[in-house]
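Notes for the one structure printed next.
The values are calculated or read from the model by the stated rules, or taken from the named source; none is laboratory data. Predicted model, so just to flag it, every value in this text is computed and none were measured. Cβ coordinates were reconstructed from backbone atoms using ideal geometry, including for glycine residues, and neighbour counts include every protein chain displayed.
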Amino acid sequence: MTPAFDHLDSGRPEQEWLADERWGSLPTLTIRPGRGLRRLVVIAAHPDDETLGAGGLLHLVAQAGVPVDVIVASDGEGSHPDSPTYDRAQLALVRRIEVMDAVAILAPDARVRHLGLPDGDLAAHAASVAAALRESVADLGVGAVIAAPWRHDGHTDHDALGAVAAQVAEQTGALLLEYPIWLWHWGSGDDVPWARLRVLPLQDEQRAAKRRALATHVSQIEPLSDALGDEVLLGAGMLAHFDRPFEAFVDSSGLAEVELFERLHATRGDPWQVRSSDYESRKRDLTVSMLPARRFARAYEPGCSVGELSAALAPHCDSLICQDLSATAVQEATDRLAAYPQVQVRQGSVPHDWPEGDFDLIVLSEIGYFLSPVDLDAVLRRARMTLRSGGYVLLCHWAHPIEGWELDGRDVHARAGQLLGLPVHARQVDDDVLLEVFGPCP
């Protein structure tokens, strides 16, 4: 049931909200630019929603250089229906300018899209909203984060946008974060979905930017005039909810805390099309053809995904340990490799879960750029330390730029050349693939 409220009511005081002990037990939302986040898409029902609900998030992500889209569904022309000062068209223009100024503060390079849909009737235009979201998310899948109004916020437009965003996120694999706005006005502690609420701590820089951005929405935070019908829409009590040292988001899917590669495999099954892609098939053939020996006593392949390369390596190994961070991928790989008793499939991450013992072949295939520079260096050092005399390290990576991550394939191979301290036994480089075999180890 949609709650009934009046924006002119005083609402629940912010100090009562902050006194709720449940805030202290909420998980922190971790947004890590450079770790797979390729675009943030913030959708607002009306100008100012983007700042109130997600201004800190916008600024944080934009400052990290991640592309940002801001979609404004309506121009908010219905905020003052009885205004004697502005008609709907005039108010729409004012608010469109205000949101542009706000976004220029929060995310200066953001792409802002005005859908111009009717304020108060967004539910009737769900298809247009969905199309705009899909265009922004494109094929980024789990590389995109959508921030949208909470679908139970109590405002019909907010509820409609939240519902559409949830559908698009489910269809595309994007992560959905829903921001409540009017909940803090009409709600009580029992109305909050605490089990799915996550908090994003804001630094002083983000809070200051959010305040400056909110100040541009003059038509909402100040009266349009002294006349009846021009009253302030967002009073001091309401604004206090958005001056917190954090922003709160509802993670209805529960996926915000799920590691990115698990989300990728859980939503897409075979996320890199290793079973169907011509590139993947060719890369596997090249990898096997460049193996520096016919047989290896003990090999290790971290980041095995669903196990297709592992299946190509297995016939050449007396013992092969395959590993992936994703539980879904591990299960897929286990099923794929069931015919090879010499293969063990484990769940774990590198460098933290590196297996004990030493190896005469270590295969690092398309995982280097998914590591931070610190972790990559640790992996390369660990590979060198656990390489048997006469052993080899084989690296294979995509040669094109990698969006959303700090490193690309050329970076990875350059670091390998520096840190492994081994000669290059063989190299294959073309427009698509970088493949190098380092060794033998003395």
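Within the set of pairs 6 or more residues apart or between chains, which connect a residue that is over 29 Å from R22 (Cβ atoms) inside region 199-226 to a residue that is hydroxyl-bearing (S, T, Y) and surrounded by fewer than 18 Cβ atoms within 10 Å (Cβ to Cβ) with Cβ atoms less than 7 Å apart?
Going by the 7 Å Cβ cut-off, the qualifying pairs are L224/T85; S225/T85.
Output the residues belonging to region 38-84 that are assigned to a loop (DSSP other than H, G, I, E, B), in contact with a strand residue (DSSP E or B) (Cβ under 8 Å, 6 or more places away or on another chain) and not basic (K, R). Can you show your working first?
First, pick out the residues of region 38-84 that are assigned to a loop (DSSP other than H, G, I, E, B): 38, 45-48, 64-67, 75-84.
Those left that are additionally in contact with a strand residue (DSSP E or B) (Cβ under 8 Å, 6 or more places away or on another chain): 38, 45-47, 66-67, 75.
Listed by number, the residues that qualify are A45, H46, P47, V66, P67, D75.
When you go through V72, V66 one by one, which is the residue that is surrounded by fewer than 24 Cβ atoms within 10 Å (Cβ to Cβ), assigned by TED's automatic domain parsing to the domain that holds P118 and among the β-branched types (V, I, T)? Explain how you work it out, then say what you get.
Numbers: V72 fails: surrounded by fewer than 24 Cβ atoms within 10 Å (Cβ to Cβ).
Checking each option against the conditions leaves just V66.
Given the structure, is T287 among the hydroxyl-bearing types (S, T, Y), in a helix (DSSP H, G or I) and over 18 Å from I146 (Cα atoms)? Give the steps one after another, and end with the answer.
Values: among the hydroxyl-bearing types (S, T, Y): yes; in a helix (DSSP H, G or I): yes; over 18 Å from I146 (Cα atoms): yes.
The answer is yes for T287.
Pairs only if they're at least six apart or on different chains, beta carbon under 6 angstrom, first in region 410-432 and more than 15 Å from C396 (Cβ to Cβ), second assigned to a loop (DSSP other than H, G, I, E, B); list them, first residue then second.
The qualifying pairs are L422/G439.
Here is a yes/no grid of residues against (1) assigned by TED's automatic domain parsing to the domain that holds L52; (2) of a type in the set (G, A, S):
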site: A215; (1), (2): yes, yes
site: P245; (1), (2): yes, no
site: A248; (1), (2): yes, yes
site: R295; (1), (2): no, no
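Output yes when any residue across region 418-428 is outside the structural domain of R35 (by TED's automatic domain parsing), part of a helix (DSSP H, G or I), of a type in the set (K, R) and over 27 Å from the mean Cα position of the chain (by Cα), and no when none is. Steps first, please.
Filtering region 418-428 for residues outside the structural domain of R35 (by TED's automatic domain parsing) gives 418-428.
Subset that is part of a helix (DSSP H, G or I): 418-419.
After this cut, where a residue has to be of a type in the set (K, R) as well, the list is none.
Checked against the condition, which is being outside the structural domain of R35 (by TED's automatic domain parsing), part of a helix (DSSP H, G or I), of a type in the set (K, R) and over 27 Å from the mean Cα position of the chain (by Cα), region 418-428 yields no hits at all.
Of the residues in region 156-183, how many are in a strand (DSSP E or B) and either farther than 15 Å from I146 by Cβ or not hydroxyl-bearing (S, T, Y) (or both)?
Counting residues in region 156-183 that are in a strand (DSSP E or B) and either farther than 15 Å from I146 by Cβ or not hydroxyl-bearing (S, T, Y) (or both) gives 4.
Go through region 286-303 and report how many residues are touching a residue at least 12 places away in the same chain (Cβ under 8 Å) and surrounded by fewer than 17 Cβ atoms within 10 Å (Cβ to Cβ).
Of all residues in region 286-303, those touching a residue at least 12 places away in the same chain (Cβ under 8 Å) come to 286-288, 290-303.
Then drop every residue that is not surrounded by fewer than 17 Cβ atoms within 10 Å (Cβ to Cβ), which leaves 286, 288, 293-295, 297.
Looking only at that region, the number is 6.
Among D48, D87, D82, which is touching a helix residue (DSSP H, G or I) at 6+ places or on another chain (Cβ under 6 Å) and over 24 Å from R263 (Cβ atoms)?
Details: D87 fails: touching a helix residue (DSSP H, G or I) at 6+ places or on another chain (Cβ under 6 Å); D82 fails: touching a helix residue (DSSP H, G or I) at 6+ places or on another chain (Cβ under 6 Å).
Answer to the check: D48.
Select, from A104, A124, the only residue that is within 21 Å of Q206 (Cα to Cα), assigned to a helix (DSSP H, G or I), more than 20 Å from the chain's Cα centre (by Cα) and free of Cβ contacts under 8 Å to residues at least 24 places away in the same chain. Please lay out each step first, then the result.
Working: A124 fails: within 21 Å of Q206 (Cα to Cα).
That would be A104, the only listed residue that is within 21 Å of Q206 (Cα to Cα), assigned to a helix (DSSP H, G or I), more than 20 Å from the chain's Cα centre (by Cα) and free of Cβ contacts under 8 Å to residues at least 24 places away in the same chain.
If we keep just the residues of region 324-343 that are within 24 Å of the chain's Cα centre (by Cα) and not in a helix (DSSP H, G or I), which is nearest to S365 (Cα to Cα)?
D324
Out of the residues in region 259-280 that are closer than 17 Å to A399 by Cβ and exposed (fewer than 15 other Cβ atoms within 10 Å of the Cβ), state the one that is farthest from the chain's Cα centre (by Cα).
Only one residue fits best here, namely D278.
Condition test on R88, is it buried (at least 20 other Cβ atoms within 10 Å of the Cβ), of a type in the set (K, R) and more than 20 Å from the chain's Cα centre (by Cα)? Give the steps one after another, and end with the answer.
Details: buried (at least 20 other Cβ atoms within 10 Å of the Cβ): no; of a type in the set (K, R): yes; more than 20 Å from the chain's Cα centre (by Cα): yes.
No.
Could you tell me whether any residue of region 266-276 is modelled with pLDDT of 90 or more and part of a loop (DSSP other than H, G, I, E, B)? Step through it out loud before you land on a result.
Let us first name the residues in region 266-276 that are modelled with pLDDT of 90 or more, namely none.
No: region 266-276 contains no residue that is modelled with pLDDT of 90 or more and part of a loop (DSSP other than H, G, I, E, B).
Can you confirm whether region 214-231 contains a residue that is under 23 Å from the mean Cα position of the chain (by Cα) and closer than 21 Å to L106 by Cα?
Checking region 214-231: not a single residue is under 23 Å from the mean Cα position of the chain (by Cα) and closer than 21 Å to L106 by Cα.
So H114 clears everything in (1) touching a strand residue (DSSP E or B) at 6+ places or on another chain (Cβ under 6 Å); (2) outside any strand (DSSP E or B) except one condition, right? Which one?
Result: H114 fails condition (2) only.
Answer yes or no as to whether V306 is crowded, with 21+ Cβ neighbours inside 10 Å, β-branched (V, I, T) and under 24 Å from G391 (Cβ atoms). Don't jump to the end; show me each part of the working.
Working: crowded, with 21+ Cβ neighbours inside 10 Å: yes; β-branched (V, I, T): yes; under 24 Å from G391 (Cβ atoms): no.
Spelling it out, it is not the case that V306 is crowded, with 21+ Cβ neighbours inside 10 Å, β-branched (V, I, T) and under 24 Å from G391 (Cβ atoms).
Counting just the residues of region 197-233 that are touching a helix residue (DSSP H, G or I) at 6+ places or on another chain (Cβ under 6 Å), part of a loop (DSSP other than H, G, I, E, B) and modelled with pLDDT of 95 or more, which one comes out farthest from D101 (Cα to Cα)?
Checked region 197-233; the qualifying residue farthest from D101 (Cα to Cα) is L202.
So how many residues does region 363-383 have that are in a helix (DSSP H, G or I) and out of contact with any helix residue (DSSP H, G or I) (no Cβ under 7 Å at 6 or more places or on another chain)?
Residues of region 363-383 in a helix (DSSP H, G or I): 368-370, 373-383.
In the following step, the residues that additionally are out of contact with any helix residue (DSSP H, G or I) (no Cβ under 7 Å at 6 or more places or on another chain) were identified as 370, 373-375, 378-379, 382-383.
Final tally of qualifying residues: 8.
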